[in-house]
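Trainee: This is the structure I have questions about; it appears just below.
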Amino acid sequence: VAAVMEADRLAGNPIRIIMLKARQWGGSTLIQVYMAWIQSCHRRNWHSLICSQVKDTSTGIRGMYTRLLADYPAELWDGDEPPRFRPYERSTNVREISGRGCRVTVSSIQNQDAVRGADFAMAHLSETAFWPATRTRTPADLIRAVCGSVALIPYSLVAMESTANGVGNYFH
């Protein structure tokens, strides 16, 4: 999976991936660490979204990133301040990487309006097979809103991943 994403990056292409994964395989972690690498080493002011079926799952994925920053070797850090997340404008959903100007936003399909109008360069869409369709919101609506905001430029990334959940759902 890393080789697929890296091949796109090295070719100067937008990075796009859809991954069917096994539970506890590490696919979400791999995608998040790859995005962290881009934000920590390659791009400043390069904002990302983590969106899953519920916000707690998205926050858990961001927690992997928090641990990465806490253990980041100081001699490798290319930031104006030590690596850590800090609050962004008192938002509980948005954190900024100190010294890099990159924001990481968490959201869920249950609050689609929270992602509209944002400036995302990367999006990690997790467990999309479990995103419910209701009378007022659908997975397709959120995917369209997110993917329409991530430009088709080098280093931009959209990763959609999920464990399987039968047939007939959006991810299937």
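The values are calculated or read from the model by the stated rules, or taken from the named source; none is laboratory data. Quick caveat, the model's predicted, so the values are computed rather than measured. All Cβ positions, glycine included, derive from the backbone under ideal geometry; neighbour counts span all protein chains shown. When the accessible area is computed, the model is the full protein with side chains, heavy atoms only, and any ligands, DNA or RNA have been set aside. Shrake-Rupley method; radii C 1.70, N 1.55, O 1.52, S 1.80 Å.
Trainee: Is it true that some residue in the stretch 9-31 is over 18 Å from residue 158 (Cα atoms), without any contact (Cβ under 8 Å) to a residue 40 or more places away in the chain and not hydrophobic (A, V, I, L, M, F, W, C)?
Mentor: yes
Trainee: Can you say whether residue 61 is over 19 Å from residue 108 (Cβ atoms) and not small (Gly, Ala, Ser), as far as the supplied structure shows?
Mentor: no
Trainee: Same structure again: Within the stretch 8-28, track down each residue that is in a helix (DSSP H, G or I) and open to solvent by less than 60 Å² (accessible area, probe 1.4 Å).
Mentor: Within the stretch 8-28, 8, 9, 27, 28 qualify.
Trainee: Going through the stretch 70-127 one residue at a time, which ones are open to solvent by less than 80 Å² (accessible area, probe 1.4 Å) and acidic (Asp, Glu)?
Mentor: 81, 96, 127
Trainee: Still on this structure: For the stretch 88-109, state whether one or more residues are in a helix (DSSP H, G or I) and either modelled with pLDDT of 90 or more or not small (Gly, Ala, Ser) (or both).
Mentor: For the stretch 88-109, residues in a helix (DSSP H, G or I) and either modelled with pLDDT of 90 or more or not small (Gly, Ala, Ser) (or both): present.
Trainee: Hey, can you tell me all the residues within the stretch 29-47 that are in contact with a helix residue (DSSP H, G or I) (Cβ under 7 Å, 6 or more places away or on another chain) and in a helix (DSSP H, G or I)?
Mentor: Correct list: 29, 30, 32, 33, 34, 36.
Trainee: Hey, another quick one. Which residue is nearest to residue 76 (Cα to Cα), if the candidates are limited to the stretch 113-133 and must be in a helix (DSSP H, G or I) and touching a strand residue (DSSP E or B) at 6+ places or on another chain (Cβ under 9 Å)?
Mentor: Looking at residues that are in a helix (DSSP H, G or I) and touching a strand residue (DSSP E or B) at 6+ places or on another chain (Cβ under 9 Å), I get 115.
Trainee: If you don't mind, another one. Enumerate the pairs (first residue in the stretch 90-106 and within 13 Å of residue 38 (Cα to Cα); second residue anywhere and open to solvent by 40 Å² or more (accessible area, probe 1.4 Å) and hydroxyl-bearing (Ser, Thr, Tyr)) with beta-carbon separation below 8 Å, excluding pairs fewer than 6 apart on the same chain, so at least 6 apart or on different chains.
Mentor: 103/88
Trainee: Right, another one. Which pairs turn up if I take residues in the stretch 132-157 that are among the small types (Gly, Ala, Ser) and look for partners that are at pLDDT 90 or above and assigned to a helix (DSSP H, G or I) with beta carbon separation below 7 Å, at least 6 apart in sequence or on another chain?
Mentor: These pairs meet every condition: 133/139.
Trainee: Among (1) of a type outside the set (Val, Ile, Thr); (2) within 22 Å of residue 26 (Cα to Cα); (3) crowded, with 21+ Cβ neighbours inside 10 Å, which single condition is residue 60 missing?
Mentor: (3)
Trainee: Can you tell me which of (1) among the aliphatic types (A, V, I, L, M); (2) open to solvent by 30 Å² or more (accessible area, probe 1.4 Å); (3) part of a strand (DSSP E or B) is the one residue 159 doesn't meet?
Mentor: If we test residue 159 against (1) among the aliphatic types (A, V, I, L, M); (2) open to solvent by 30 Å² or more (accessible area, probe 1.4 Å); (3) part of a strand (DSSP E or B), just (2) comes out false.
Trainee: Output yes when any residue across the stretch 72-83 is closer than 24 Å to residue 154 by Cα and touching a helix residue (DSSP H, G or I) at 6+ places or on another chain (Cβ under 7 Å), and no when none is.
Mentor: There is at least one residue in the stretch 72-83 that is closer than 24 Å to residue 154 by Cα and touching a helix residue (DSSP H, G or I) at 6+ places or on another chain (Cβ under 7 Å).
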